Structure formats: C-alpha cells, structure tokens
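**Student:** One structure coming up, written as structure tokens, with questions to follow.
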Amino acid sequence: MKKLLLLLILVIASPKIGINVDACNSIVSICNIIKKGVRFLFIGDSITDGGWGRSGGKMMPTEERNLKDLNHIYGHSYMMLCAARIQSDYPEQETQFFNRGISGNTLHDLQQRWQSDCLGLNPDVVTLLIGTNDVDLHVSGKETLDLKTWENDYRQLLDQLRSANPNIKIALGTPFVAKVGRIGSAENYPQRKALIADCANVIRKIAQDYHAVLLDHEKMFEPLTEQNPSYWIWDGIHPTAAGHQKMADLWLNTVINSD
C-alpha cells in the first residue's frame with residue numbers, strides 16, 4: 001500500500017509531458033503506452049513532414065531521404081515536438097519514433113506506400129493526418145473528391161492496420177484551414193473550408209467507429225484563428241511554430257492520456 005501511494009505521489013508531482021493527471025485513467029494509460037521499445041509512427045502530408053530526413057520540403061519518397069542524420073530525422077513539425085518530449089522524459093523506455101509524412105500527399109498516395117511506410121514499420125501507435133491536399137486538388141479542378149469513396153479508402157487503411165496488429169493504437173487528426181494568406185484570399189476559400197469540414201466530420205465518425213483517438217485540429221484551431229490567424233497558420237494550411245506546439249500539446253494530452 002505504501003509503495004502504491006508513493007508511486008501515485010511521484011506521478012502526480014512529475015513535470016513530465018505536462019500530463020493532466022486528473023484525466024480519466026491517465027496513470028494507467030501512461031504505463032500502457034510509454035513502455036519499453038514502443039514504436040510511434042506519424043504519417044501524412046507536409047504538415048507532418050516538416051522536412052524530415054533532409055528533404056528540403058520536397059515531395060521526396062522515404063527511400064531517398066537521409067535516415068542516418070539524427071539531427072534532421074524528425075523534421076520540424078509537431079511530430080518532432082511529440083517525439084522530443086516523450087524521448088527526453090522517458091529515456092529508459094527506448095521508445096522509437098518514425099516520421100513518414102510526405103509533402104503533397106493525398107489519401108491515394110498513402111495507399112500506395114502504406115505497406116512500406118506504415119505496416120512494414122510494425123508500429124504500436126499510429127497517428128494519421130491527411131486530407132488537405134485531397135481538398136486542394138478538388139477546389140483547383142485537378143481531381144474530384146468523392147467523400148464516400150474517400151471514406152471507404154480511409155477505412156481500408158485502418159482495416160489493414162488492425163489486421164496486422166489487433167492491439168494497435170490509432171490516432172486520427174482532422175484537417176484544418178484558416179482564412180489567411182493565398183489560401184484565405186482565394187475565391188474558392190468558402191468551398192475549401194466546407195470540404196475541409198466535411199472531411200473532418202468523416203474522420204470524427206471513423207474515429208468513433210474504430211475506437212480511435214480523435215485529434216480534432218479543426219475544432220482546436222477554429223477559435224485560435226478568429227482573431228489573429230497568421231499567428232497560428234501562416235499560409236492558410238501550414239501551422240507556424242506556435243501552431244505546431246498546439247498540435248503537439250493536443251497529441252500529448254489526448255493520445256497519452258487515452259485508454
């Protein structure tokens with residue numbers, strides 16, 4: 001009993017990752033997720049990419065990136081902030097983080113590399129953020145976005161994950177947009193915003209159906225960007241450093257604190 005009380009005191013007093021210890025089951029979930037050798041994968045588009053592996057912001061496939069330079073292995077997105085916090089706070093657990101975001105990617109692109117950049121890495125926790133480029137191609141008239149097909153394809157990727165690892169933990173991020181920069185001043189902005197909202201609603205439904213963790217970036221950024229949108233999302237799509245920190249905070253307080 002004394003040992004248990006001491007453990008609870010240590011966890012509550014710990015400054016690690018800013019976890020809200022009042023959150024339901026937070027202590028249990030920390031023990032379940034941050035354990036020896038857990039493999040965290042972040043996959044998506046440029047918002048996740050952040051120039052990892054010395055890509056220089058290019059649409060560079062994984063096999064062409066530098067996987068040995070640990071100074072640039074994570075890039076500079078919210079993914080790096082999440083990895084840095086967990087790995088610095090829990091070095092004894094030797095957790096592994098993988099960034100497989102690729103600039104310009106759509107859901108279709110993810111389908112093409114799902115085996116090599118996702119399933120082949122045998123992840124324990126997968127964070128997926130996709131959709132903004134699917135919407136961009138649609139509003140620019142280059143491709144057509146059929147939401148029903150998009151949803152079915154999205155679900156197929158998750159089915160493959162669950163088939164490969166029934167115990168896998170999945171976190172799904174909603175796409176987002178802000179009325180700022182070239183994106184915000186474009187005539188098609190209302191259409192873009194409406195489609196982003198549609199994709200976000202699809203993802204909310206999928207997250208519920210798959211018992212996945214929902215990272216509701218759209219809901220998070222909405223009030224933040226009402227007054228000073230460029231402070232958080234500089235060009236309408238890509239977060240600033242402050243925006244990425246908010247995304248990292250959401251991940252740490254949602255994924256780590258979830259059951």
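**Student:** Can you name every residue in segment 184-205 that is more than 16 Å from Asp235 (Cα to Cα), out of contact with any helix residue (DSSP H, G or I) (no Cβ under 6 Å at 6 or more places or on another chain) and aliphatic (A, V, I, L, M)?
**Tutor:** Across segment 184-205, the qualifying residues are Ala194, Ala197, Ile203.
**Student:** Look through segment 227-259, keep the residues that are at pLDDT 95 or above, more than 16 Å from Pro175 (Cβ to Cβ) and not in a helix (DSSP H, G or I), and return whichever of them is most open to solvent (accessible area, probe 1.4 Å).
**Tutor:** Restricting to residues being at pLDDT 95 or above, more than 16 Å from Pro175 (Cβ to Cβ) and not in a helix (DSSP H, G or I), the top hit is Trp234.
**Student:** For segment 80-124, enumerate the residues that are touching a strand residue (DSSP E or B) at 6+ places or on another chain (Cβ under 6 Å) and without any contact (Cβ under 8 Å) to a residue 60 or more places away in the chain.
**Tutor:** If the condition is that a residue be touching a strand residue (DSSP E or B) at 6+ places or on another chain (Cβ under 6 Å) and without any contact (Cβ under 8 Å) to a residue 60 or more places away in the chain, then Ala83, Gln96, Phe97, Phe98, Asn99, Arg100, Gly101 are the ones that fit.
**Student:** Okay, next question. Go through segment 132-171 and give me each residue that's in contact (Cβ under 8 Å) with a residue 60 or more places away in the chain and either in contact with a strand residue (DSSP E or B) (Cβ under 7 Å, 6 or more places away or on another chain) or more than 23 Å from Ser103 (Cβ to Cβ) (or both).
**Tutor:** The answer is Lys169, Ala171.
**Student:** Considering segment 163-200 alone, what residues qualify as being within 21 Å of Leu41 (Cβ to Cβ) and either acidic (Asp, Glu) or more than 18 Å from the chain's Cα centre (by Cα) (or both)?
**Tutor:** Ser163, Ala164, Asn165, Pro166, Asn167
**Student:** Out of the residues in segment 94-152 meeting the condition of being under 18 Å from Ile196 (Cβ atoms), outside any helix (DSSP H, G or I) and among the charged types (D, E, K, R), tell me which one is most open to solvent (accessible area, probe 1.4 Å).
**Tutor:** Only one residue fits best here, namely Lys142.
**Student:** Which ones in segment 166-187 are surrounded by fewer than 16 Cβ atoms within 10 Å (Cβ to Cβ) and either part of a loop (DSSP other than H, G, I, E, B) or aliphatic (A, V, I, L, M) (or both)?
**Tutor:** Of everything in segment 166-187, those that are surrounded by fewer than 16 Cβ atoms within 10 Å (Cβ to Cβ) and either part of a loop (DSSP other than H, G, I, E, B) or aliphatic (A, V, I, L, M) (or both) turn out to be Pro166, Asn167, Ala186, Glu187.
**Student:** Within the bounds of segment 245-259, is there any residue that is of a type in the set (D, E, K, R), over 14 Å from Phe176 (Cα atoms) and in contact with a Cys (Cβ under 9 Å, 6 or more places away or on another chain)?
**Tutor:** Scanning segment 245-259, I find at least one residue that is of a type in the set (D, E, K, R), over 14 Å from Phe176 (Cα atoms) and in contact with a Cys (Cβ under 9 Å, 6 or more places away or on another chain), so the answer is yes.
**Student:** Across segment 225-240, what is the total count of residues that are without any contact (Cβ under 8 Å) to a residue 24 or more places away in the chain and within 19 Å of the chain's Cα centre (by Cα)?
**Tutor:** Going through segment 225-240 one residue at a time, the tally reaches 1.
**Student:** How many of the residues in segment 204-259 are over 23 Å from Leu157 (Cα atoms) and of a type in the set (Asp, Glu)?
**Tutor:** Adding up the residues that qualify gives 4.
**Student:** Please work out if Leu121 is under 30 Å from Lys35 (Cα atoms) and touching a Lys or Arg at 6+ places or on another chain (Cβ under 8 Å).
**Tutor:** For Leu121, the condition - under 30 Å from Lys35 (Cα atoms) and touching a Lys or Arg at 6+ places or on another chain (Cβ under 8 Å) - is met.
The values are calculated or read from the model by the stated rules, or taken from the named source; none is laboratory data. Everything numeric in this text was worked out from a predicted model, so none of it was measured. Neighbour counts run over all protein chains shown; Cβ positions are idealised from the backbone, glycine included. These area figures cover heavy atoms from the full protein model, side chains too; ligands, DNA and RNA do not enter into them. Shrake-Rupley method; radii C 1.70, N 1.55, O 1.52, S 1.80 Å.
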